[in-house]
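Just passing along the structure, written as structure tokens.
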Amino acid sequence: MQKNIVLGDIIFYLIFPIVIWNISRDYIGDYYAMLLSSVPGIIYSVIRFILLKKVNLFGLFMIGTLLAGTLVDVLSGSALNLLWNNVYYSYGIGLFFILTILFNRPITLFFALDFVEMQGYDRKEMRTIFYQKRILNLFKLITFGFAFRDILLASIKVWLISEYGVEAFDKGLILRQILSWTLTGVTIYGFIYISKILSENRGHDQDLKN
């Protein structure tokens, strides 16, 4: 399953956009080529949302950021504005992640609640467990990783746009996927570590009962 997701990401978020961008820009211009290159990723994201088979916070976040990002692109009006607006958008998303940490509501904790609920666990019970200090801090670190990715990506894009102009578009796509895959690896490790802590806690509780 994970291999299929990685392959889908490569095809729809990287290969198709770069191919469409490079082929169509000479015919329809840079701006419309950028908009057209985003279509495969939009379709792929919608399909992934539908496959969740349940409306939850993770699904709403995924489709919400998709719609917001698409709106930013469409309203940009030019290729260069589109690139700069995506920089501002990435900074905004990064700030949003940080705010969820500051308000003691790390959003990845609620994503995890969505997934464990889909596995049949009681949401309220798991929320109490997730808010144990050790586990909560891990969710905060994972959420900070998301924030760091978006802020780092935006900061590097500032340099790319200043250096290459609209030619920074495909470079930004490649960079985004590299950072996304890196963060995915860190996130998976974090969730595995959290699962290990939960297992240890269950084992300790069982020992006390015996």
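Please treat every number below as a calculation from the coordinates, not as lab data. As the structure is a computational prediction, the values presented were derived from the model and not from experiment. Backbone-built Cβ (ideal geometry, glycine too); neighbour counts: all protein chains shown.
Do we have residue 132 as exposed (fewer than 14 other Cβ atoms within 10 Å of the Cβ) and closer than 20 Å to residue 61 by Cβ here? Talk me through it step by step, then tell me what you get.
Details: exposed (fewer than 14 other Cβ atoms within 10 Å of the Cβ): yes; closer than 20 Å to residue 61 by Cβ: no.
For residue 132, the condition - exposed (fewer than 14 other Cβ atoms within 10 Å of the Cβ) and closer than 20 Å to residue 61 by Cβ - is not met.
Rundown of residues vs (1) surrounded by fewer than 16 Cβ atoms within 10 Å (Cβ to Cβ); (2) of a type in the set (S, T, N, Q); (3) touching a Pro at 6+ places or on another chain (Cβ under 8 Å), yes/no style:
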residue	(1), (2), (3)
16	no, no, yes
19	yes, no, no
30	no, no, no
60	yes, no, no
63	no, no, no
70	no, yes, no
73	no, no, no
79	no, no, no
90	no, yes, no
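Would you mind finding the one in 120, 165 that is at positive phi and assigned to a helix (DSSP H, G or I)? It would help to see each step written out before you state the result.
Details: 120 fails: assigned to a helix (DSSP H, G or I).
Sole residue among the options that is at positive phi and assigned to a helix (DSSP H, G or I): 165.
Going by the structure shown, is residue 102 under 22 Å from residue 180 (Cβ atoms), out of contact with any helix residue (DSSP H, G or I) (no Cβ under 8 Å at 6 or more places or on another chain), without any contact (Cβ under 8 Å) to a residue 12 or more places away in the chain and hydrophobic (A, V, I, L, M, F, W, C)? Break it down into steps so the answer makes sense when it comes.
Values: under 22 Å from residue 180 (Cβ atoms): no; out of contact with any helix residue (DSSP H, G or I) (no Cβ under 8 Å at 6 or more places or on another chain): yes; without any contact (Cβ under 8 Å) to a residue 12 or more places away in the chain: yes; hydrophobic (A, V, I, L, M, F, W, C): yes.
Spelling it out, it is not the case that residue 102 is under 22 Å from residue 180 (Cβ atoms), out of contact with any helix residue (DSSP H, G or I) (no Cβ under 8 Å at 6 or more places or on another chain), without any contact (Cβ under 8 Å) to a residue 12 or more places away in the chain and hydrophobic (A, V, I, L, M, F, W, C).
How many residues does region 48-85 hold that are in a helix (DSSP H, G or I) and either polar (S, T, N, Q) or farther than 19 Å from residue 111 by Cβ (or both)?
Filtering region 48-85 down to residues in a helix (DSSP H, G or I) leaves 48-51, 57-76, 79-85.
From what is left, the residues that are either polar (S, T, N, Q) or farther than 19 Å from residue 111 by Cβ (or both) are 65, 70-76, 79-85.
Here the count works out to 15.
Show the residue pairs that are 6+ apart or on different chains and have beta-carbon atoms under 9 Å apart, the first residue being within region 70-85 and touching a residue at least 24 places away in the same chain (Cβ under 8 Å) and over 11 Å from residue 169 (Cα atoms), the second being assigned to a helix (DSSP H, G or I) and of a type in the set (Asp, Glu).
What qualifies is 78/30.
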